[in-house]
Amino acid sequence: MTIANNRLQVTKFIPAEQEKVFAAWTDPKIVEKWFCPEGMKAELHDWDAVVGGNYRISMIDGEDVYTTNGTFQEITPYHKLVFTYEWEDEDEVVTLVTVEFKNLDDGTNVTLTHEGVDPDELTGHEEGWLSALSHLAALFK
C-alpha cells in the first residue's frame, strides 16, 4: 500500500486466472457482485467496458447511497483498465483509476492506482478499495 501526492496504490492477490479476474472487472453481471466495500451492496446502472464507454454504479449502505460514474479511457484485455472516477455528490472532482493485472502461477495480482484524490479522503478511499478487492477475491474462493 502506498499513499502519496493525492495518489494511492493497493495490490491484492486474487486466487484465479488473469482472464477470469479481468472479466470480473468488465462483465456487468460480475461487477455488480463485488464493486463495493464489504458489507455494502452494489447497484449497477450502467457498465459499458469499452474505450469511451461509461459506467455508473451505486454503493448502498443501509439508507446511505454513494454513486460514482466515469468513462473507460484505456483497455488492454487481461492486462490493464483505466477509467475516470467521479462521485456524483461532489463538485465535479474527476479522478483517475488504473487497474493492472499480473499473472502468477497460482492466481493474479491486481494493482489499483487511484490518482487525484483529495488528500483528506485518501485513507477512506484506500480502505474502500482494499475492502472491494477483498470482496472480489471472495468470489473466487
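Quick grid of which residues meet (1) touching an Asp or Glu at 6+ places or on another chain (Cβ under 9 Å); (2) among the basic types (Lys, Arg):
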position	(1), (2)
GLN18	no, no
ALA23	no, no
LYS29	no, yes
ALA49	yes, no
GLU74	no, no
LEU81	yes, no
LEU104	no, no
THR108	yes, no
THR113	yes, no
What's the number of the condition ASP106 fails, among (1) without any contact (Cβ under 8 Å) to a residue 24 or more places away in the chain; (2) in contact with a strand residue (DSSP E or B) (Cβ under 9 Å, 6 or more places away or on another chain); (3) of a type in the set (D, E, K, R)?
-> (1)
Would you kindly identify the strands (runs of 3 or more DSSP E) lying entirely within segment 64-141 that contain at least 1 residues that are surrounded by 19 or more Cβ atoms within 10 Å (Cβ to Cβ) and of a type in the set (Phe, Trp, Tyr)?
-> 64-76, 80-87, 95-104
Would you be able to say whether some residue in segment 121-129 is aromatic (Phe, Trp, Tyr), within 13 Å of THR68 (Cβ to Cβ) and in contact (Cβ under 8 Å) with a residue 24 or more places away in the chain?
-> yes
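Values quoted throughout were computed directly from the atomic coordinates according to the rules given, and no laboratory measurement underlies them. All of these numbers come straight from a predicted model, not from anything done at the bench. We place every Cβ from the backbone using ideal geometry, glycine too, and count neighbours over all the protein chains shown.
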